[in-house]
1. Being more than 19 Å from the chain's Cα centre (by Cα) and buried (at least 24 other Cβ atoms within 10 Å of the Cβ) is the filter here, so list the residues in region A:333-364 that pass it.
2. How many residues are more than 14 Å from chain A (Cβ to nearest Cβ) and in contact (Cβ under 8 Å) with a residue 60 or more places away in the chain if we restrict to region B:116-127?
3. Residues in region A:661-673: is at least one farther than 23 Å from residue A:174 by Cα, modelled with pLDDT of 95 or more and more than 21 Å from the chain's Cα centre (by Cα)?
4. Within region A:714-739, take every residue that is within 41 Å of the chain's Cα centre (by Cα) and on the phi > 0 side of the Ramachandran plot and give me the one that is surrounded by the fewest Cβ atoms within 10 Å (Cβ to Cβ).
5. Considering only region A:844-899, state which residues are within 14 Å of chain B (Cβ to nearest Cβ) and out of contact with any helix residue (DSSP H, G or I) (no Cβ under 8 Å at 6 or more places or on another chain).
6. Any residue that is closer than 24 Å to residue B:200 by Cβ and in contact (Cβ under 8 Å) with a residue 40 or more places away in the chain - is there at least one of those in region B:131-145?
7. State yes or no: is residue A:314 more than 30 Å from residue A:213 (Cα to Cα), in contact with a helix residue (DSSP H, G or I) (Cβ under 8 Å, 6 or more places away or on another chain) and not in a helix (DSSP H, G or I)?
8. Out of the residues in region A:681-723 that are touching a helix residue (DSSP H, G or I) at 6+ places or on another chain (Cβ under 7 Å) and assigned to a loop (DSSP other than H, G, I, E, B), which is farthest from residue A:733 (Cα to Cα)?
C-alpha cells in the first residue's frame, strides 16, 4: 500500500481503525485540522481524487491508490489557488482554524452550489466571522487595503499579517508541532456527579503496553487553585485541585494516563478500577441555598474566597441606592418578570490542549491553546513550586477563545505529566471533552422589577440574579458582578437595587464567556425598558434616549464599587441609537411573506468598560533593526486581530509601514508581563503599551539624529521611515547601522496598567418575522452600531461585530447545552448542539459612531466582546413586538415559541 | 475519528467470504456514522466495498438501490421523464443534516440501518414503497418493507450479523405525483418532521410521516380526504407516544407540524387535481 498526498508518495501505513485526518497529520500535513473529529464541522476537509470529504470520517486505508490534496497542496506549483487568494483579499477568516476546510470546500463548489451557499456550506462551521467575510471571498470582494503610505496605517483596513500562512495551512496552531519521543495523555473522567474516590486500582491500566504512568490525586500537589486566570488571584475561589479525591461533576478528571499512543492511553483509562463512595448530588441551582441541600465544598471556608460554602454560595452581592420599593409603589408604570438564560458553550474550533516538555536548561515549556500565557505560567510556578524563570508558557496561533481559554484546563496536567515522566507530553481534548469538562456560559435566572414615571423617566430598577457556576467557582464572582454593573449603570435611575448569588451545583463548571455575564442580565433589563415604553406609548428609541447616561453622568450600579477609574474617554451611545434608528427606518425591499408571518422590530443597547477592573497589565518592547522593527508583545492572537492592530499602532507612531513591523507575541520567554487577551483588552490595554513603547523609541531615534546633527531635538520629526529636521534626513536603515556601530540598539519599552478605563457602546436592531403557525423565526434585517472610538482597522472591527452578532444569534436561537437530572450533558456534539452555519446568519449592517477616545491608544477603544451582548435582548424585544408575547427564556427555537403562539393565534 | 480498538479489517469480495459474525464486528459501508463516534466495543471492521454491489440498477419493475450506494450516487441518478417522483430524491438528500461532502461517502443502507427518525433515506424509500432485502446471518434472505424495517428510534429488524443488501423501489411508485414537506429548528437543521405524500393513478393518497415520529408511519386514503378526515386519520393512527422527542424538537411541536405539513400536502396534491 502506498499513499499519494499533494503529489508525494508515502510508504507509511495507517493503523486498522485510523481515520485519514490523523494519518495525514502524522505524515506532517498539519493544515488538516480537527474541529470535532465527527464529521460535523468541516475543518478537516481534504480533496480525495479532487472531491471534498471530511477526512475524519474516511478510514485511512481507503485513501490507498487515490490522490489526496490538503490545503498545503491546493495551490500546486503556483503557490496560491484563486480561492486562497480570494480569502486573503476578503480576509475571510479570523482565527483561521476553519479556513483550510472552508477554502477546500469553497474551491470545490459548482455554479449551482455557489447560488445556494446556505446549503452548500452547511458542513463548514466558522465560529469567528459570522460568514460575511466568507461570502465576500466567494463573491470576489476585496476587503483589505493593499498598502498605505508610511505612518498612516492606523484606521486602515490592513490585512492580518498571518493571512498568507493561514490560507495555505502553514500557520502553526497549538498541535501543529512534531516532537520526537512524544507521549500522549488521556484523562479518565468521573461518571458520577458527586462522589468521593475511595480507591483507584491502576494495576490493569499499567499493564497496557506502552503505558508510562497513571497519575491520580495521590500524585498531584494538594494546593487549592482556581482554573480561572485573573491578574488578581483574589477574584476567584480556591476550590480546585489538579486531581482531586472528590468529584463534583460528571466529566471531572480523576486520573491522567501517559502512554506511547492515544490508543494505549485510552485503553488504560478504560481499565482503571475506581471505587467511589457516591454522595448526594445537587443539580438544580434553585435548590442550592435551601436547607438540607447537599454541600458541594463542605470543607472550605470564606478564607478560600467563597461567600458561604455551607450554603453553596461562591459569591454574592447586595446593594441599593435610594428606595426601590417606595419608588415602585408610586411609579406610573411598572414591569416585573423572570428571565432565564441557558447554558451555552464557546465552541472554539480548536479544542483545549497543548504540549509540554522540560528542556536541557530544566525549563518546563508549555505550548498551549490559551488566552493567558503569563497568568498560566504564574499558576504553574505556584502549583509545582518552580521558580518563575523555570516555566515558559507560550502559544503561536490559537484557534478561537471566546473566554474559554482564560482558564487553565490542561496546562497543569501537562506539567504534571512532563515532570513525572521526564518526557515531552501532549494532551488534546476531544470535542466531547470540550462540552462535558471545560466551561460554559453561566446559566442565570434574573428577576427584574422596573418602574417609570409618566414622562418615561426610569424611577426604579431592581435585579435579583441567581447564577449557576457549576461545580467550581472559576469566574463565578466576577461574572456575577459584571452582569450587574454596566447593564444598569448605563441608565440614569434614582433608585437601583441588586441582589446576586452565584451558587455551586454538581454540574460542569461555568466560566468566562464572551460578554461576561452582561447578555444574561441585558435580556431582562432591555425587555423591561421596552415594556415600560410600550405601556407609556413611547418608542423604544425615545425611551432609551430619556434614560441613558450622557457624557459626564455618573455610571452607577449598587453596591458602590471600589474601582473608580471608569471615565468617559469618549461617548457615542447617542450616535449609536441614531444610527440604528435611521438604518432601521430606511426603505428596503421586504421579502414576500404569507400572512402567517408576523413582523416586528426590536433593539437593545449595551455599555462595556474597556478593560477589566483592578488592573490589567501589558508590557511591550520595540527595537529598530536593519530590516524594520522588532515588536514584542505578550498578548495572544486567537482571531481577535490584535496582531494586525499592534503593527498598525507601531507603524503609525514610527512613520513606517506595517510590513516593517515584525511582531513576536504571547511567549513568556520574551520577558515582561501581559495579563492576557481577555476583557476586551488586546487593543485598549496591550495596544497602549505598544503605543508607549513606540513613542519612546521614536523619541530615541529623534534624539540620536539630533545628536548627530547637533540640532534641537524639537525640530526633529519622523517621516516616511526617517528622522527629518528641516532639509536633513536620516533614514531608519542608517540609524540601525549607527546603533550597530555604537553597540547599542535603539529600543523602546512601554507598559499599560489598564487604568483609567473608558466605556464603549453597542446598539443592535433587528427586524424579524415569526411564523405564528410554526414558530419559525426569520431575521429580515440586522443592524449594529458600535462606538469603538477611532476604529483601528475598520474591516477587522466590522468582522468582530459580525462575528459577535452571529455567535449571539447562535445562543439566542439555536445553541443549548442540556443537562439531565443526573447532571450529565446530554448533547456533547455539534450535530446536537447547533452552531450557526452560513444559512443561519443574516448579513449585519455595521455602523461606527464618530468618536475619539482620550484614554485608548490613538483614540481607539475595545470592540470584541460587546457586539455579542445586546443581540439576544434585541431579538427578544423584536419577537415581543411581532407577536405581542414576551418570551423570557432563550433559545427562541420554534418548538419553544410555538405553544404560546398556538394559544394566542390557534391553528 | 480514529477507532483505536480496531485491530483488523476484513475485505470480503463475495457473500461466501463474509466472515462469521463475532462480537466486536461492525459492517463498514460509508463509515460516516461509524467514524463519527467512539466505538470502544468494536475490534473488527468488515468492509463492504469489495463486494462491489452495483449502486443502482433499473429493471422493468424496480429501481434497485444497493445498500452501499452513496447518497451522491442516488442524487446523481438521471431518472426517466415519467418518474414524476424524481424530485423527491434531491429533496430528501437535501434534508440531510450533513452536507454534500458527506453524501459522497454516506450510503443509503447506512442511513436505513442507523434508523434515526430523521433519516431522510428512510423517508424517501418508505414513501416510495421500498422493500429491503436482508442477507440473514445464518444464510438466506429476508424481504421486508422499509416502513416495517425501522421499528423505532435507532431500532430496526436486523439481528446481529444480518446485512442489508438492497432496497427495491417499484417503478410504479416512482411514477406517482408527490409532495414533500420538511421542517426543522434551524433553516438547514435536522428534520423534526418530514412528510411525503403521493398520489396513485387510481387517486389513492399515500402519506408517509417521518422524523416527527420514532418510525415511519404510512397512511393511505382510497377516497380523497378533506382536511378534517386527514386530521382525524392522523390523530387516530399517529398516537402521542409515537412522536419523537430530542434536542431537535419537542413532541408537542412535532405533532402540530405533522398536522400542518400533512394538510399542506393534501392541498398540494388534491386541490390542484383536474376535476
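1. We begin by selecting, within region A:333-364, every residue more than 19 Å from the chain's Cα centre (by Cα); these are A:333-340, A:355-364.
The answer is A:339, A:356.
2. So the count comes out to 6.
3. yes
4. A:720
5. Taking region A:844-899 and keeping what is within 14 Å of chain B (Cβ to nearest Cβ), we get A:889-899.
Of everything in region A:844-899, just one residue is within 14 Å of chain B (Cβ to nearest Cβ) and out of contact with any helix residue (DSSP H, G or I) (no Cβ under 8 Å at 6 or more places or on another chain), namely A:896.
6. no
7. Details: more than 30 Å from residue A:213 (Cα to Cα): yes; in contact with a helix residue (DSSP H, G or I) (Cβ under 8 Å, 6 or more places away or on another chain): yes; not in a helix (DSSP H, G or I): yes.
For residue A:314, the condition - more than 30 Å from residue A:213 (Cα to Cα), in contact with a helix residue (DSSP H, G or I) (Cβ under 8 Å, 6 or more places away or on another chain) and not in a helix (DSSP H, G or I) - is met.
8. Ranking the qualifying residues of region A:681-723, first place goes to A:712.
The values are calculated or read from the model by the stated rules, or taken from the named source; none is laboratory data. Values in this document were obtained by computation on a predicted structure and should not be read as measured data. Heads up, the Cβs are rebuilt from the backbone with ideal geometry, glycines too, and the neighbour counts pull from every protein chain shown.
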